[in-house]
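Just so it is clear, none of the values below were taken in a lab; they were calculated from the coordinates. None of the values given here were measured: they were computed from a predicted structure. Ideal geometry is used to build each Cβ from the backbone, glycine not excepted, and the neighbour counts take in all protein chains shown.
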Amino acid sequence: MSDPLIARLKTLIVESLRLDDIRPEDIPDDEPLFGSSRFGLDSVDALELVVKLEKEFGIKISSSEESKEALASVAGLAAFIRAHQASPRV
């Protein structure tokens, strides 16, 4: 059974970062989103994504270390949101 939070995050990543040539279902749950990723995301994309995630899920990513941990992969991001969100909105 598909995880609705992971599905929402993949859609949000594709839409927010305007990844026109990538479909949400093309993003593996555990593949790195940044660095040597095939998605070509950079620090500006990371900042844009953090702002969107903070608004969408009511979380706060307060340091670069926390950001690296949270944005490691879609699965990592889902775990971070679940750990830092009072009530899920998925």
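Would you pick out the residues in region 28-47 that are of a type in the set (A, V, I, L, M), more than 15 Å from residue 69 (Cα to Cα) and either touching a residue at least 12 places away in the same chain (Cβ under 8 Å) or part of a loop (DSSP other than H, G, I, E, B) (or both)?
The one that is of a type in the set (A, V, I, L, M), more than 15 Å from residue 69 (Cα to Cα) and either touching a residue at least 12 places away in the same chain (Cβ under 8 Å) or part of a loop (DSSP other than H, G, I, E, B) (or both): 41.
Surrounded by 12 or more Cβ atoms within 10 Å (Cβ to Cβ), assigned to a loop (DSSP other than H, G, I, E, B), under 11 Å from the mean Cα position of the chain (by Cα) and among the hydrophobic types (A, V, I, L, M, F, W, C): which single residue out of 72, 79 fits that description?
Of 72, 79, the one residue that is surrounded by 12 or more Cβ atoms within 10 Å (Cβ to Cβ), assigned to a loop (DSSP other than H, G, I, E, B), under 11 Å from the mean Cα position of the chain (by Cα) and among the hydrophobic types (A, V, I, L, M, F, W, C) is 72.
Just checking, does region 7-17 include any residue being of a type in the set (S, T, N, Q), surrounded by fewer than 19 Cβ atoms within 10 Å (Cβ to Cβ) and touching a residue at least 12 places away in the same chain (Cβ under 8 Å)?
Within region 7-17, one or more residues are of a type in the set (S, T, N, Q), surrounded by fewer than 19 Cβ atoms within 10 Å (Cβ to Cβ) and touching a residue at least 12 places away in the same chain (Cβ under 8 Å).
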